[in-house]
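First comes the structure, then the notes that go with it.
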Amino acid sequence: MSENKKIYFASDFHLGLQAGTDPREREKHVVTWLDSVKNDASIIYLVGDLFDFWWEYKKVVPKGFTRFLGKISELTDAGIEIHFLTGNHDMWIGNYLSEECGMILHTKPYTVDLLGRVFHIAHGEGLGSDDRSYHLLLWIFRNRFLRLLFAALHPAIGIGLGHWWSLNSRLAKSYSKPFKGAGNEFLFRYAKKMVEKSRIDYFIFGHRHIAIDHDLNGESRIFILGNWFNAPVFVSWDGENIALNEFPYQ
């Protein structure tokens, strides 16, 4: 990795979501952002919920997203590392996005040294939360046997059900809840426990749909990456400066 190039983080594009901005325009906006950073990017981290619903059958993937996937393939072909950390809307990945598009896939939180600073990167679903019903839902989504049963459905039924669920999720009904204060946010509780065990300079989260740059304890900072169906943002890091940046719709 060249040290004179930047590292970028973004999440929660929710491509395909029929709420907020027009799905086609949102996809074009994501592609425009990728074009805007490609000349100085060495690594791009996409931190979950890129798709509002994604399910891979052995020989079938969801319809659409051709502009986005084509741009990702172009960038990885050009030598830019693109990491995809799955979220709760697109955790059902197989090998298509890695083999066809060149992305590096992560299904769990990821800690890495980037230009001399330690980053902990995760989409954030369930982390620090004591909501038992939500943890049960995540268990159902991740259960291998139940996933095999779902995979037995015809793609027209399975993907149709997935889009129906996504459209009727809390996201489609209510974009986000206001910031509750550091003491009441589950991702902040998770981060505080993490820094008790090991050094983390920067936490990068998605999921929460609000844009936040917050000093955790004078030594660590938390960034939450907002969403792209309402007010797009991203984080940039060059080894000296880290910033939460807006990329507004025109």
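The values are calculated or read from the model by the stated rules, or taken from the named source; none is laboratory data. Given the structure is predicted, the values throughout are model-derived calculations rather than measurements. Every residue, glycine among them, receives a Cβ derived from its backbone with ideal geometry; neighbour counts consider all protein chains shown. Accessible surface is based on the protein model in full, side chains and every heavy atom, while ligands, DNA and RNA are left aside. Shrake-Rupley method; radii C 1.70, N 1.55, O 1.52, S 1.80 Å.
List the number of the failed condition for residue 217; all other conditions in (1) touching a His at 6+ places or on another chain (Cβ under 7 Å); (2) at pLDDT below 95 hold.
(1)
Got a sec? Which of 47, 37, 61, 118 is open to solvent by 20 Å² or more (accessible area, probe 1.4 Å), among the aliphatic types (A, V, I, L, M) and within 24 Å of residue 201 (Cα to Cα)?
118
Residues of segment 134-156 being open to solvent by 80 Å² or more (accessible area, probe 1.4 Å) and without any contact (Cβ under 8 Å) to a residue 40 or more places away in the chain, which ones?
Within segment 134-156, 136, 139, 144, 145, 148, 149, 152, 154 meet the criteria.
Among (1) out of contact with any helix residue (DSSP H, G or I) (no Cβ under 9 Å at 6 or more places or on another chain); (2) farther than 24 Å from residue 192 by Cα; (3) surrounded by fewer than 18 Cβ atoms within 10 Å (Cβ to Cβ); (4) in contact (Cβ under 8 Å) with a residue 12 or more places away in the chain, where does residue 93 come up short?
(3)
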